[in-house]
1. Please report the net charge: other residues with Cβ closer than 13 Å to the Cβ of residue 130, K and R +1, D and E -1.
2. Percent antiparallel among DSSP beta bridges with both residues in the range 13-267, to the nearest 5?
3. Starting from the 7 Å offset along Cα-to-Cβ, what nm value, one decimal, do you get for the label separation of residue 122 and residue 261?
4. Angle, helix 187-202 long axis vs. longest principal axis of the chain, Cα atoms, 0 to 90°, nearest 10?
5. Tell me the chymotrypsin sites (Phe, Trp or Tyr not before Pro) within the range 103-166 that lie in a loop according to DSSP and have at most 13 other beta-carbon atoms within 10 Å.
6. So for the pair residue 141, residue 47, with labels modelled 7 Å out along Cα→Cβ, what separation do we get in nm?
7. Please report, in debye to the nearest 20, how large the charge dipole of the chain is about its Cα centre when each Lys and Arg carries +1 at its beta carbon and each Asp and Glu carries -1 there.
8. If the elastic network links every pair of Cα atoms under 10 Å, which of 40, 215, 125 fluctuates the most in the Gaussian network model of the chain?
Amino acid sequence: MTDSARPSSPPLVEFRNVSVVRDGRILLDAVSLTIREGEHIAILGPNGAGKSSLIRAITREYYPSSPGSDVVFRFRGRDTWDAFSLRSHIGLVSGDLQHTFTRGISGREVVLSGFFSSIGLFLSHEVTPAMERKTDEILEFLEVAHLADRPMTEISSGEARRLLIGRALVHDPGTLVLDEPTNSLDLHALHTFRKTLRKIARSGTGIILVTHNLHDIIPEISRVILMRDGAVQKDGPKAEVLTDGAVGDLFRVPVRVREEDGYYYATGY
C-alpha cells in the first residue's frame, strides 16, 4: 500500500467470493480483494486470465452471477451507488475506448468529452469556461497541449493514449484504471507513456494498471496482483510477488526476474 492510500476511509473496492459467468464461461472465479483509494496496484497475468473482467467488475459493467450472503461487492463501503459517484472516483482508459475515437475529433474535444461521457462533443453539450480551463490544465499537465487542435486520426497511438488519460482525469478521480495501456506502443512511446504515468502517480492519483507485460509496472506501484484462469493467484508487495517462481508459474514458462532502477524484467524464457 502506498503512503497516499487512506486505510481509515472505506475501501474503494471490496470483493469477497465474487464470481462472474457469461455464456456458460467462468470469467471470475470467487475473487476476493480489497483496493483502497490512493493505492498504486498492478494486475498482472497472461491473456485470458480474467484481468479485463476484473476491471469490468470494478467499474460495475459486470456483477456477481450468484449473489449470496457470502458474496461482498461494495464500492466505497456501499452496496448501491450511482454512475456519477463512480465516475468521480474512477477514471478508465482502455483499448476498446481508443478504438471508438477513430473519427477526426481534436485532442481538445477528446478531453472535453470526458465531462459528458461521450465520444466527442455534440450540439447539446454546453461547454462551460470552467471546463475549458480544466481541459487546458490537463493538456499542460500531460504535456500534450500541442495536440489540442490535431485530429485523433493524425496522431500516434501513444499520443492518443495520453489524450484519453486526459479525458479520464477531468472529474479528478481518486483512481485511474488503465487496461493494457501499452499495447501497440513502440519504445519511444512506451518511454513517454511511463513518464506520464509516473507523473500522475506522484500527483496523488491512485493507479490500477492491468497488463501482461512485467516492464509496464512503474516504480511507484507497490502492490501486485497475479491473475490466471479468472482467479487471484497471488496478491502482495511487489518485491515479494515478482519472483522467478511466481512469475514463471503464472505464465507457465521458466523465467529469471531482475529489477533495474525500480522496473522489473523477465528473461530466460
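Computed from the coordinates by the stated procedures, all read-outs in this text should not be read as laboratory data. Because the structure is a prediction, the values reported are computed rather than measured. Cβ coordinates were reconstructed from backbone atoms using ideal geometry, including for glycine residues, and neighbour counts include every protein chain displayed.
1. Numbers: positive: 133, 134; negative: 126, 132, 136, 137, 172.
Residues near residue 130 contribute -3 overall.
2. On the way: 24 of 43 bridges.
Within the range 13-267, antiparallel bridges account for around 55 percent of the total.
3. Taking the two extended label points, one gets 4.6 nm.
4. Between helix and principal axis, roughly 90 degrees.
5. Values: sites: 115, 116, 122, 141; in loops: 116, 122.
Sparse-neighbourhood loop chymotrypsin sites (Phe, Trp or Tyr not before Pro): 122.
6. Once both label points are built, they end up 3.4 nm from each other.
7. Details: 32 positive and 35 negative charges, 56 e Å.
For the chain, the charge dipole is close to 260 debye.
8. Maximum fluctuation in the GNM of the chain, among the listed residues, is at 125.
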